[in-house]
Amino acid sequence: MTNQRTIITISLANVVFASLPFFLNTYWVDVLNSIGIYSILALSLNLIVGHAGLFNLGHAAFYAIGAYTAAILNTGYGIPILALLPACGFTAGVFAVLIARPIIHLRGDYLCIVTIGVGEIVRIALINDVFGVTGGANGIFGIARPSLFGFSVRSPQHFFYYIWTFAGITVCLFHLLENSRFGRALNYLREDEVAAEGSGVDTAHYKLAAFVVGAVWAGMAGNIYASKMTIISPESFTFWESVLMFAIVILGGSGSIPGMLLGAFLIVGLPELFREFANARMLVFGAAMIAMMIFRTQGILPAKQRRYSLPESSGEESGTG
Amino acid sequence: MSLLSLKRLTKNFGGLTAVNNVSFDVEPGAIVGLIGPNGAGKTTVFNLITGIYAPDQGEILFAGKSLVRLRTHRIIAMGIARTFQTIRLFQNLTVLENVLAGCHCQMKGGVVASLLHTPLQRREERKAIVGAMSILSFVGLHREAQQVAKNLSYGNQRLLEIARALATRPKLLILDEPAGGMNEQETGRLVTLIRKMRDQGITILLIEHDMSLVMKVCEQIVVLEYGSKIAEGPPEAIKQDPRVIEAYLGTDSDW
């Protein structure tokens, strides 16, 4: 059974991966934690860019909203950071509704430019200390660590399990989402918007929904980031962050969950591996990206066709019912 | 009551009047042809019916309800389905997924149901796949269900568009040049299919350049020229109408 073999392979890979913190030093565990957060961000952006085909170069804005929601409510009102996970998703989601609704009808490159603008507006608003709660350029410090039943998540090793558990849950949920009416509707949008609307799909609704679900997850990733760093500032949410997430999606393979994980490993992990090359590493990195886009436009691990188990009697002639 | 009724429909694009004061009715269970020289405004009429454009003047009634200014997916859900003049399939998705797009408006599962695959969602999904497969057998594409749509032959891509439209469970099916690019054999099968769909109770409105096909399957024909209706009637009357002959002279003499 190929299916059984896949399950065994995945389980084994998970066990090996989960044991990594016992063999790696703190520095590399921390690198894996970064990769984990970028994986979650890439998975969320993948819904928007990979599945719905909407170019979003401002994803860091949703990430920032989540992180600042966590920081402000935790430091200001003492609400436990873990309990704020849904709130962070919620604020990022509401923000997505507000900004995406007026721009959702824009196509391709136009939407892309506007999202860049949104990302920058959020960053600059944070620097300018809007509403007097963001702490300006210095940001917010003293954010609490997550704790559950008296156990506090502190060391990078603890965070490794926290972050990757969240990433694992995200992978499972998004896998189900992909293989559903919702996931298909996003693909119809990407393939041909006119045909999608003409087949009875409410395209405006699904574009917005893609943005909102993606933003909710990025907001929760922001919460995790805030609790991991205990200090956040606008510097962490620059345009470059959005570009990194976008690059992971495109390089890894649009619409493919394994692609997002691999992409995060390559784009976040490789520069760490090649630290000794110092400045040359960005050159190599850039060259690799260019080569990829020329020789493998669909990404490293492109999305596979969905397979459906068909009903037995599918070969017979029958009416439309 | 007519199933579809266009009343004094007008649409301007800048200075050009693409559709000028056009009225006609489509009776339930009929096969109606909309013909006319290139640029006569046939596809514009289709786009007005399906809400891609809003008319400048006039009214469109479907089963007594106005369609004007409704969004396309709402019109589809009301029971009007269409195919496109240039094939607009979801090229990189499978044949089955293309048909499931048509099933979309018959289904309900939202984000949460889709994230969690609730029992209700799974039942709905199975039902949709069974329905989609029976429609694929109906048009004769069930063997290709798991193939990528772009790998189908041209004629089969046309059939797939019809299958996708049928999946919305339409009362009225609008076909925009369904025989375009088909060979004689494929056209023959298309004629059979159109009649079969009508026998299932689906009313059909079609644009077609293949005059032998139009004359063979349509019971009523509406002729447009320069955006205006110049004739309407059964095929025999249309063939003899002097204005129609004038409009077509030299271009289509094979009918």
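Taken together, the residues in the stretch A:104-128 that are open to solvent by less than 40 Å² (accessible area, probe 1.4 Å) and modelled with pLDDT under 90 amount to 2. I'd like the full set of residues that are more than 7 Å from chain A (Cβ to nearest Cβ) and either within 16 Å of B:Asn151 (Cβ to Cβ) or part of a loop (DSSP other than H, G, I, E, B) (or both), limited to the stretch B:90-104. Within the stretch B:90-104, B:Val95, B:Asn98, B:Val99 meet the criteria.
For the stretch A:30-62, the candidate set comprises residues that are among the aromatic types (Phe, Trp, Tyr) and in a helix (DSSP H, G or I); within that set, the residue that is nearest to A:Ser256 (Cα to Cα) is A:Tyr38.
Entry remark, the stretch A:174-203: residues being under 25 Å from B:Arg169 (Cα atoms), within 8 Å of chain B (Cβ to nearest Cβ) and part of a helix (DSSP H, G or I) number 14 in total. Just one of the listed residues (A:Phe151, A:Phe166, A:Phe131) is open to solvent by less than 40 Å² (accessible area, probe 1.4 Å) and away from every other protein chain (no Cβ under 14 Å), and it is A:Phe166.
The condition of being of a type in the set (A, V, I, L, M), open to solvent by 10 Å² or more (accessible area, probe 1.4 Å) and within 10 Å of chain A (Cβ to nearest Cβ) holds for B:Ile87. Of all residues in the stretch B:118-129, exactly one satisfies the criterion of being within 9 Å of another protein chain (Cβ to nearest Cβ), touching a Gly at 6+ places or on another chain (Cβ under 9 Å) and open to solvent by 30 Å² or more (accessible area, probe 1.4 Å), namely B:Glu124. So how many residues does the stretch B:97-134 have that are more than 19 Å from the chain's Cα centre (by Cα) and closer than 13 Å to A:Arg181 by Cα? Here the count works out to 23. Listed here are the helices (runs of 4 or more DSSP H) enclosed by the stretch A:228-290 that have at least 1 residues being open to solvent by 40 Å² or more (accessible area, probe 1.4 Å), modelled with pLDDT under 90 and not small (Gly, Ala, Ser): A:270-273. Residues in the stretch A:204-222 that are more than 12 Å from A:His51 (Cβ to Cβ) and open to solvent by less than 10 Å² (accessible area, probe 1.4 Å) were compared, and the one that is farthest from the other protein chains (Cβ to nearest Cβ) is A:Gly222. Looking across the stretch B:38-52 at every residue that is within 13 Å of chain A (Cβ to nearest Cβ) and not in a loop (DSSP other than H, G, I, E, B), the one that is surrounded by the fewest Cβ atoms within 10 Å (Cβ to Cβ) is identified as B:Thr43. Any residue at all in the stretch B:232-247 that's modelled with pLDDT of 90 or more and assigned to a strand (DSSP E or B)? Yes. Checking each residue of the stretch B:172-194 against the condition of being facing chain A (nearest Cβ under 10 Å) and surrounded by fewer than 20 Cβ atoms within 10 Å (Cβ to Cβ) gives no match.
Which condition from (1) assigned to a helix (DSSP H, G or I); (2) open to solvent by less than 10 Å² (accessible area, probe 1.4 Å) is the one that A:Ile65 breaks? It fails just one condition, (2). Considering the stretch B:105-117, and only residues there that are without any contact (Cβ under 8 Å) to a residue 40 or more places away in the chain and surrounded by 15 or more Cβ atoms within 10 Å (Cβ to Cβ), the residue that is farthest from the other protein chains (Cβ to nearest Cβ) turns out to be B:Ala113.
In this structure, B:Leu152 does not qualify as within 8 Å of chain A (Cβ to nearest Cβ) and either more than 25 Å from the chain's Cα centre (by Cα) or over 20 Å from A:Pro311 (Cα atoms) (or both).
In the stretch A:7-21 there is no residue that is of a type in the set (Phe, Trp, Tyr) and either in contact with a helix residue (DSSP H, G or I) (Cβ under 7 Å, 6 or more places away or on another chain) or open to solvent by 60 Å² or more (accessible area, probe 1.4 Å) (or both). Does A:Thr75 qualify as being assigned to a helix (DSSP H, G or I) and either surrounded by fewer than 17 Cβ atoms within 10 Å (Cβ to Cβ) or touching a Ser or Thr at 6+ places or on another chain (Cβ under 9 Å) (or both)? No: the conditions fail for A:Thr75. Of all residue pairs spaced 6 or more apart or on separate chains, those with beta-carbon atoms under 6 Å, a first member in the stretch A:58-81 that is free of Cβ contacts under 8 Å to residues at least 60 places away in the same chain and a second member that is of a type outside the set (Phe, Trp, Tyr) and surrounded by 24 or more Cβ atoms within 10 Å (Cβ to Cβ) are A:Leu73/A:Leu84. Taking the conditions exactly as written (open to solvent by less than 10 Å² (accessible area, probe 1.4 Å) and part of a strand (DSSP E or B)), does B:Ile76 satisfy them or not? When the stated conditions are applied, B:Ile76 does not pass them.
From the residues in the stretch B:135-145 that are open to solvent by less than 20 Å² (accessible area, probe 1.4 Å) and more than 7 Å from chain A (Cβ to nearest Cβ), which one is farthest from A:Ser180 (Cα to Cα)? Per the stated criteria, the residue is B:Val139.
From the list B:Ile35, B:Ile31, the lone residue that is more than 13 Å from the chain's Cα centre (by Cα) and more than 10 Å from every other protein chain (Cβ to nearest Cβ) is B:Ile35. Of the residues making up the stretch B:1-17, those that are open to solvent by 80 Å² or more (accessible area, probe 1.4 Å) and under 22 Å from B:Ile76 (Cβ atoms) are B:Met1, B:Lys7. Residues in the stretch B:209-230 that are buried (at least 23 other Cβ atoms within 10 Å of the Cβ) and either within 27 Å of B:Ser137 (Cα to Cα) or among the basic types (Lys, Arg) (or both): B:Cys218 alone.
The values are calculated or read from the model by the stated rules, or taken from the named source; none is laboratory data. Fair warning: this is a prediction, and the values are worked out from it, not measured in the lab. Please note: Cβ atoms are built from the backbone with ideal geometry, for glycine as well, and neighbour counts cover all protein chains shown. Side chains included, ligands, DNA and RNA excluded: accessible areas come from the protein's heavy atoms. Shrake-Rupley method; radii C 1.70, N 1.55, O 1.52, S 1.80 Å.
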